[in-house]
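Asker: First the structure, then my questions, so here it is.
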Amino acid sequence: MRQHPKNETLAAFAAGQLDEGRSLVVATHLSMCAECRGAVAAFEAVGGEMLNSIEPVAMSDGAAARAMVAIDHEPSPVAPAKPAPRPVWQAEQESLLGYDLGPWRWVAPGLHYRAVKTPEAGGTRVFMLKAVPGLKIPAHSHTGTELTCVLKGAFIHDGGRYGPGDCDDADQDDAHNPMIDDGEVCVCLVAMQGNVRLTGFFGRMIQPFIRI
Amino acid sequence: MQAQAQDIGLIKAALPAGLLAKADRLHDSPTQIDAVKSPAELARLIEAVAARQDRAAFAALFDHFAPRIKAFLMRGNTPAAAAEELAQEALLTVWRKASQFDRQRAGASSWIFAIARNLRIDSARREMRGKVLDLEANEDAEPPAPPDAELLASEREQRVRAALVHLTDEQLRVVRLSFFDGKAHGDIAAELELPLGTVKSRIRLAMNRLRDVLGDLT
């Protein structure tokens, strides 16, 4: 059973209304999920229908003539070669669409953190988490939304198993108490608005020491 | 034909939701609000640009889409002059990328919507960085569309129109404000004088409903 972003998140992605960080996490999920690519295509069709039925605003005089001049200066369009499939996420290279990545930093025993540098402002932080098998993340909730895509390994949360490509789309109402599944180191890509609020006893103890 | 399309629009407005899908299946003529050009006609225009750099076809596309893209961008708070420039850029992109259009994958309006959306994202991020997510790279990795995909794509367009009519007025309103106009949930709540939670749950319900109606076509 795969875990997907919420429909409203996919719709916002299709409409171009997600901030850069959340877009990156959704795009990562899409690169691994045909079903959600289909859903985004459906929501794009909704956008197309809205575009078609909008009340038009007249272009200024001469706009069409300018466009005709512009296409005269275009080189003849050539049929493009189909680009080779290019996965958004390549686990081996740990490269992410050319975004600059910070160094892995130690957060807590068995847990490392690495920043993904997205220049767009807007209060969403993007980072990767790397956790060893069997690690229990302290119970926590969020002051904003948190969108996570598993890149490798798996974690167990809310009775579900989240493996590579699976997405957890949580808001401040969801309490989290995930555990890393046995077997493999788990790496996740996370876009987080607001801050983590650690709710467990252990969590409240380490809260002052972590900055995620 | 045009009169028939308008009749269907009137019928759709009067019919209870459950009968609309049936009404759509009974008529294969275009049922969109703007009956000037059918989706198939728009698709043919893009294909004419791709096949032979057809200038008349491009001019027709410009007349249809440029004022709509300008309107779309202005509703998202892009100033008129910038919206006009982006609409020009969008149509120039249509000229350049026409050969990538595949009516088996997407309708003409959906394809051009995605172009305008990407340009808007691009222009918003341009001053911060030169790079945006290349969504099309993923689309190109898809296997070839099956032979009946064209039927599915046109059925999808029908279904999208029917699905939008299925939404309640309140749902349609928040969907437009949120996804089309790019308003933050808090601003929508203030504008409609609704609690934030109500706005969020309306959006969630509307999107789930659209997905229910559209999901099995994808």
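Every read-out reported here was derived from the displayed coordinates using simple, explicitly stated rules and does not represent laboratory data. Only a predicted model underlies this, so the values are computations on that prediction, with no experimental measurement involved. Here the Cβ positions follow ideal geometry from the backbone for every residue, glycine too, while neighbour counts run over all protein chains shown.
Asker: Would you mind checking the pairs B:Lys70/B:Lys183; B:Lys37/B:Lys183; A:Lys136/B:Lys200; A:Lys117/B:Lys183; B:Lys70/B:Lys200 and listing those with alpha carbons more than 22 angstrom apart? It would help to have the intermediate numbers written out before the result.
Answerer: Numbers: B:Lys70/B:Lys183 17 Å; B:Lys37/B:Lys183 30 Å; A:Lys136/B:Lys200 31 Å; A:Lys117/B:Lys183 26 Å; B:Lys70/B:Lys200 28 Å.
Distance filter (> 22 Å) returns B:Lys37/B:Lys183; A:Lys136/B:Lys200; A:Lys117/B:Lys183; B:Lys70/B:Lys200.
Asker: Simple spin-label model, 7 Å along Cα-to-Cβ: A:Arg114 to B:Glu193 in nm?
Answerer: Taking the simple label geometry, A:Arg114 and B:Glu193 are separated by 5.3 nm.
Asker: Decide, for the stretch B:167-218, between rounded, prolate and oblate: order the square roots of the alpha carbon gyration tensor eigenvalues as a ≥ b ≥ c, take rounded if a/c falls under 1.5, and otherwise choose prolate if a/b is larger than b/c, else oblate. Don't jump to the answer; show the numbers that get you there.
Answerer: Details: a/c = 2.53, a/b = 2.05, b/c = 1.24.
Note, shape of the stretch B:167-218 comes out prolate.
Asker: Here's something else I'd like to know. Say the dipole of the stretch B:167-218 comes from +1 at the beta carbon of Lys and Arg and -1 at that of Asp and Glu; which of B:Val213, B:Leu194, B:Gly182 then lies farthest toward its positive end?
Answerer: B:Val213
Asker: Could you calculate the FRET efficiency of A:Glu35 with B:Leu172 from 1/(1 + (r/R0)^6), where r is the beta carbon distance between them and R0 is 35 Å, rounded to 0.05? Intermediate results must be reported in sequence, preceding the final value.
Answerer: On the way: r = 25 Å, r/R0 = 0.73.
The formula returns an efficiency of 0.85 here.
Asker: Something else now. Once Lys and Arg get +1 and Asp and Glu get -1 on their Cβ, which of B:Ala60, B:Ala98, B:Ala82 lies farthest toward the positive end of the dipole of the stretch B:59-109?
Answerer: Ranked along the dipole, the leading option is B:Ala98.
Asker: Could you please report the charge total around B:Gln88, scoring K, R as +1 and D, E as -1 over all other residues with beta-carbon less than 11 angstrom from its beta-carbon?
Answerer: Working: positive: A:Arg66, B:Lys70; negative: B:Glu84, B:Glu85, B:Glu89.
Surrounding charge for B:Gln88 is -1.
Asker: What is the sum of charges, Lys and Arg at +1 and Asp and Glu at -1, for the other residues whose Cβ falls under 14 Å from the Cβ of B:Val199? List each step's numbers first, then the result.
Answerer: Working: positive: B:Arg173, B:Arg176, B:Lys183, B:Lys200, B:Arg202, B:Arg204; negative: A:Glu8, A:Asp171, B:Glu170, B:Asp181, B:Asp187, B:Glu191, B:Glu193.
Around B:Val199, the charge tally is -1.
Asker: Magnitude of the Cβ-charge dipole of the stretch B:167-218, K/R +1 and D/E -1, about the Cα centre, nearest 20 debye?
Answerer: On the way: 8 positive and 8 negative charges, 31 e Å.
So the dipole magnitude of the stretch B:167-218 works out to roughly 140 debye.
Asker: Okay, next question. Quickly work out the B:Thr93-to-B:His185 label distance, labels modelled 7 Å from Cα along the C-beta direction, and quote it in nm with one decimal.
Answerer: Calculated label separation equals 2.8 nm.
Asker: Could you please report the charge total around B:Thr168, scoring K, R as +1 and D, E as -1 over all other residues with beta-carbon less than 14 angstrom from its beta-carbon? All intermediate terms of the calculation are to be shown ahead of the outcome.
Answerer: Values: positive: B:Arg173, B:Arg176, B:Arg202, B:Arg204, B:Arg209; negative: B:Asp169, B:Glu170.
Result for the local shell: +3.
Asker: In whole angstrom, note down how far apart the Cα centers of the stretch A:1-15 and the stretch B:101-127 are.
Answerer: Taking the Cα centre of the stretch B:101-127 as reference, the centre of the stretch A:1-15 is 18 Å away.
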